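Participant: Quick one: the structure is below, and I'll ask about it shortly.
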Amino acid sequence: MIGERVRLKGIDAPERNQLCENATGNLYPCGQAATRVLRQHIGDGKVVCAIDPRRDRYGRALGVCSVHGEDLNAWLVSQGHALAYRRYSLRYVEQEEAARAAGRGVWAGAFVAPWDWRAGERLHATPVAEDSPSSVDSEPADELNALAMYDDNGNGRITCKEARRHGIAPVPRNHPAYQYMRDGDNDGVVCE
């Protein structure tokens, strides 16, 4: 199973293109933040996964993974970058409740549960201003990341179809994606 992708069993993290609201009310790519902090936490460690003999409905391997003996599934939930996937397991509920109480990760602001986001529900929050923090680490908004997040075709432009798919339409002038779009009527809003 070396090199196989494993879905972390019993947890659900925000999707790659999902946006959450941070403590100051700005949107940030919380799915990308979850990936980044997990990679940083693993570092050079060797990841070992206990694979469930069953697969998920998409045929993916399910597992509880660890590095240096630490349960990564539990760690991600305890840091607030994933939720206990109660539909399938109650194993990580305690870690989720601790993260919520401490206001860590997505619990610092507002978010849509990943399973609801996949069903089409979106967060209606204040877009990130160009000079505002855009992530949980308070990094400045990065133009390339903003483009990559919404530019599904990789063509250097963001279409209204892509904006709707990512739940950001209508896109106001102060949203990072706006600069990659064409405002035909020059009213400061695209895809209205």
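Participant: Using mean Cβ contacts within 10 Å as the protection proxy, how do 36-42, 16-22 order, highest first?
Facilitator: Order by mean packing, descending: 16-22, 36-42.
Participant: On each of the three principal axes of the Cα atoms of region 6-119, give max minus min coordinate, whole Å, ordered largest first.
Facilitator: 41, 32, 25
Participant: Let me ask you something else. I need the phi-derived Karplus couplings for region 116-123: 6.51 cos²θ - 1.76 cosθ + 1.60, θ = phi - 60°, integer Hz, Gly and Pro marked x.
Facilitator: Values per residue, Gly and Pro as x: 6, 4, 5, 7, x, 6, 10, 7 Hz.
Participant: For Lys46, Lys9, what's the fewest-to-most ordering of other Cβ within 10 Å of each Cβ?
Facilitator: Values: Lys46 8, Lys9 22.
If I rank by nearby Cβ atoms, fewest first, I get Lys46, Lys9.
Participant: If neighbour count is taken as other Cβ atoms inside 10 Å, put Arg87, Arg104 in order from fewest to most.
Facilitator: Arranged by neighbour count, lowest to highest, Arg87, Arg104 become Arg87, Arg104.
Rule-based calculations on the coordinates, nothing more; no lab input. Bear in mind the structure is a predicted one, so any value in this text is a computation, not a measurement. Quick reminder, even Gly has a Cβ in these numbers, built from the backbone with ideal geometry, and neighbours come from all protein chains shown.
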